[in-house]
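Input: a single structure, listed below in structure tokens.
The values are calculated or read from the model by the stated rules, or taken from the named source; none is laboratory data. Bear in mind the structure is a predicted one, so any value in this text is a computation, not a measurement. Cβ placement follows ideal geometry from the backbone for every residue including glycine, while neighbour counts extend to all protein chains displayed.
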Amino acid sequence: MTTVATDLDKIQANLHDSGVLWPRTELLRWYSDAYRDLLSRSRAFTRISLFDVPGRFAYSIAHDWEDRHTATTQWKFSIASYNAQRQGTYQWETEAMDGVTPTNSLVGITQQWERAYTGETDRHFRFGLKKDHERIKRLAWDNALLSPVSVRELDESDDAWMRRVGDPTWWTPGTGRSREFEIYEIKTDYNQGYEHQNYEQGIPRYITGARTYSMTVGSYYPTNAYGYTTSGDSDHLVNTTPAVLSGMGWRFTKAAADTANGFGTQIWEKQQLDGDTLTAGSTVGSYGWESEFGADEVSFGVGAIRGITSPDRQYLAIWSGTGQYQFIGGIRQFMSSDNALTAYETVLPDSDLMESDTPEMIPGRLQKYLRYYVLHRAFGRIGEGQNPELALHYLQRYMRGVVLLQKLADVAHKDRIYVKDPVAEVDMRPSRVRLPSTFERIF
């Protein structure tokens, strides 16, 4: 894809202007407008977002002005009172500040996940969307589709619908702040797809859980610098000042299912510690290079996790962050659609384009339509250089790009198959040819 600067050069060449009538900064602003307008009209760029239950917010704020100092999702937990000049955590505080005799109120919370550890609360069950969100196209709970509903319909059926516990069936934008939504009924059990341990120290190196994970490495087979039998050996020899050993270590022993029972060198030792049936062992070395002399070959998992596959379920890499939309770098977060919310949402760029950027949310061959939009705005601007005929011409060409991108999005949408369980393919009989009504018939 070409950069914005290259497109601006082409636009100035078509305008036969070097910035005298149409400043380059103005063209750049129109180019950013074209980028957002094309994505907004076509709704072509869809992102899959997963939400643990209850909802997680990065920031919890008490006043509206605090949201301008937050970088991502935020939830206003407080209740406004006294003409919105004061905020309270409980409803009785609002009554007291407004001069009304306080009454008993439900539990107040500052984060949605606190629902799992408190009693009933009067706060709405909300989930936050990122700042680049535009609209929700589809929402599912535990891979089952949720239907949209208005707040008025829920209010007509129940005045406390935001507190009803059960399996979610509906979703609504709610009456809260923008980029939030609610579900009905609610799930207050604490659900988290994966627990990220020591996530502040870097990228994941090890995966554990009820499923079986196998490791596949490339052709790089390094050897270890030292071997050890228990984690205590490693802590004593490496994590000391000064360190006795350095480099990559390898624990060549096998831990029992309950590490309190100890470790073993042979597989039958581990089986004996676990109370399992014993099987024959093999030659075990303490260094990788000993495989050349009869020991078991060792493949060290050096590096980062690059992908996860399974014949039973689908693993999808979802881009998240700022900058270019490319799947590069290390895995920073693991999410699951089981017992969680899955949102298919239309997103827009959350910042203006710079000349060194590329509009990566659209195919590269559609960048010409962004140039048509800028030319439409340039020729349609009142003043010197205005040309209504050319402005209309380039607007029509730009709208062709909107229709084309919509068709591309429709094709991608039709190709999706939403199912909960695998289904067998069914052979469909092709439809018969239908002749026009004016075709000759033989009686």
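Looking only at the range 18-56, filter to residues that are farther than 19 Å from residue 367 by Cα and surrounded by 21 or more Cβ atoms within 10 Å (Cβ to Cβ); which one of those is modelled with the highest pLDDT? Don't jump to the end; show me each part of the working.
As a first pass, look at the range 18-56 and keep what is farther than 19 Å from residue 367 by Cα: 18-23, 47-56.
Subsequent filtering for residues that are surrounded by 21 or more Cβ atoms within 10 Å (Cβ to Cβ) retains 22, 51, 53-55.
Details: 22: 94, 51: 91, 53: 90, 54: 91, 55: 90.
Among residues in the range 18-56 that are farther than 19 Å from residue 367 by Cα and surrounded by 21 or more Cβ atoms within 10 Å (Cβ to Cβ), the one modelled with the highest pLDDT is 22.
Taking residue 135 as the residue in question, decide whether it is surrounded by 12 or more Cβ atoms within 10 Å (Cβ to Cβ) and either at positive phi or under 17 Å from the mean Cα position of the chain (by Cα) (or both). Outline the logic, then answer.
Values: surrounded by 12 or more Cβ atoms within 10 Å (Cβ to Cβ): yes; either at positive phi or under 17 Å from the mean Cα position of the chain (by Cα) (or both): yes.
The answer is yes for residue 135.
Which members of the range 352-403 meet the condition of being charged (D, E, K, R), under 16 Å from residue 13 (Cα atoms) and within 31 Å of the chain's Cα centre (by Cα)?
From the range 352-403, those charged (D, E, K, R) are 352, 355, 357, 360, 365, 368, 371, 377, 381, 384, 389, 397, 400; that's our starting set.
Adding the requirement that they be under 16 Å from residue 13 (Cα atoms) leaves 368, 371, 377.
Scanning the range 352-403 gives 368, 371.
Return the pairs, sorted by first residue and then second, in which the second residue is assigned to a helix (DSSP H, G or I) and at pLDDT below 90, the first residue lies in the range 398-413 and is farther than 21 Å from residue 33 by Cα and outside the structural domain of residue 31 (by TED's automatic domain parsing), the beta carbons are less than 9 Å apart, and the residues are 6+ apart or on different chains.
Sorted first by the residue in the range 398-413, then by its partner, the list stays empty.
The rows are residues; the columns are (1) in contact with a His (Cβ under 9 Å, 6 or more places away or on another chain); (2) modelled with pLDDT of 90 or more; (3) not charged (D, E, K, R).
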residue: 298; (1), (2), (3): no, no, yes
residue: 305; (1), (2), (3): no, no, yes
residue: 311; (1), (2), (3): no, no, yes
residue: 314; (1), (2), (3): no, no, yes
residue: 330; (1), (2), (3): no, no, yes
residue: 361; (1), (2), (3): no, no, yes
residue: 368; (1), (2), (3): no, yes, no
residue: 373; (1), (2), (3): no, yes, yes
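Kindly indicate whether residue 29 is out of contact with any Ser or Thr (no Cβ under 7 Å at 6 or more places or on another chain) and part of a loop (DSSP other than H, G, I, E, B). First the steps, then the outcome.
Details: out of contact with any Ser or Thr (no Cβ under 7 Å at 6 or more places or on another chain): yes; part of a loop (DSSP other than H, G, I, E, B): no.
So residue 29 does not fit the description; no.
Given the criterion farther than 21 Å from residue 178 by Cα, surrounded by 14 or more Cβ atoms within 10 Å (Cβ to Cβ), assigned by TED's automatic domain parsing to the domain that holds residue 131 and more than 31 Å from the chain's Cα centre (by Cα), identify the matching residue among 103, 94. I'd like the intermediate steps shown before the answer.
On the way: 103 fails: surrounded by 14 or more Cβ atoms within 10 Å (Cβ to Cβ).
Being farther than 21 Å from residue 178 by Cα, surrounded by 14 or more Cβ atoms within 10 Å (Cβ to Cβ), assigned by TED's automatic domain parsing to the domain that holds residue 131 and more than 31 Å from the chain's Cα centre (by Cα) holds for just one of 103, 94, which is 94.
Consider the range 238-278. How many of its residues are aliphatic (A, V, I, L, M) and free of Cβ contacts under 8 Å to residues at least 12 places away in the same chain? If you could, list the steps in order and put the result at the bottom.
Narrowing the range 238-278 to residues aliphatic (A, V, I, L, M): 238, 243-245, 248, 255-257, 260, 267, 273, 278.
Of the ones still in play, those that are also free of Cβ contacts under 8 Å to residues at least 12 places away in the same chain are 238, 243-244, 260, 278.
Qualifying residue count for the region: 5.
Conditions first: (1) part of a strand (DSSP E or B); (2) of a type in the set (A, V, I, L, M, F, W, C); (3) over 27 Å from residue 303 (Cα atoms). Residue 250 passes all but one, so which condition is the exception?
So residue 250 meets the others, but not (3).
Scan the range 185-201 and give yes if some residue there is over 30 Å from residue 119 (Cα atoms), without any contact (Cβ under 8 Å) to a residue 24 or more places away in the chain and in a loop (DSSP other than H, G, I, E, B), otherwise no.
Scanning the range 185-201, I find at least one residue that is over 30 Å from residue 119 (Cα atoms), without any contact (Cβ under 8 Å) to a residue 24 or more places away in the chain and in a loop (DSSP other than H, G, I, E, B), so the answer is yes.
I'd like to check something: does the range 171-184 contain any residue that is under 28 Å from residue 121 (Cβ atoms), modelled with pLDDT under 90, touching a helix residue (DSSP H, G or I) at 6+ places or on another chain (Cβ under 7 Å) and not small (Gly, Ala, Ser)?
The answer is yes; a qualifying residue exists.
Of the conditions (1) over 22 Å from residue 181 (Cβ atoms); (2) of a type outside the set (S, T, N, Q); (3) part of a helix (DSSP H, G or I), residue 22 clears all except one; give me its number.
(3)
Can you tell me which residue among 211, 205 is in a loop (DSSP other than H, G, I, E, B) and either at pLDDT 75 or above or in contact with a strand residue (DSSP E or B) (Cβ under 9 Å, 6 or more places away or on another chain) (or both)?
Values: 205 fails: either at pLDDT 75 or above or in contact with a strand residue (DSSP E or B) (Cβ under 9 Å, 6 or more places away or on another chain) (or both).
Answer to the selection: 211.
Please go through the range 106-125 and give me each residue that is outside any loop (DSSP other than H, G, I, E, B) and surrounded by 14 or more Cβ atoms within 10 Å (Cβ to Cβ), ordered by number.
107, 112, 113, 114, 115, 121
Restricting to the range 49-73, name every residue that is in a strand (DSSP E or B), closer than 20 Å to residue 107 by Cα and touching a residue at least 40 places away in the same chain (Cβ under 8 Å).
Result: 53, 60.
Of the residues that sit in the range 5-35 and are within 14 Å of residue 373 (Cα to Cα) and of a type in the set (Phe, Trp, Tyr), which one is farthest from the chain's Cα centre (by Cα)? Reasoning before the result, please.
Initial filter on the range 5-35 (within 14 Å of residue 373 (Cα to Cα)): 7-8, 10-12, 14-15, 26-35.
Now drop any that are not of a type in the set (Phe, Trp, Tyr), which leaves 30-31, 35.
Numbers: 30: 29, 31: 27, 35: 22 Å.
Only one residue tops the list, namely 30.
Being in contact with a helix residue (DSSP H, G or I) (Cβ under 8 Å, 6 or more places away or on another chain), in a loop (DSSP other than H, G, I, E, B), assigned by TED's automatic domain parsing to the domain that holds residue 225 and of a type in the set (S, T, N, Q) is true for just one of 282, 286. Which residue is that?
Numbers: 286 fails: in contact with a helix residue (DSSP H, G or I) (Cβ under 8 Å, 6 or more places away or on another chain).
Exactly one of 282, 286 is in contact with a helix residue (DSSP H, G or I) (Cβ under 8 Å, 6 or more places away or on another chain), in a loop (DSSP other than H, G, I, E, B), assigned by TED's automatic domain parsing to the domain that holds residue 225 and of a type in the set (S, T, N, Q), namely 282.
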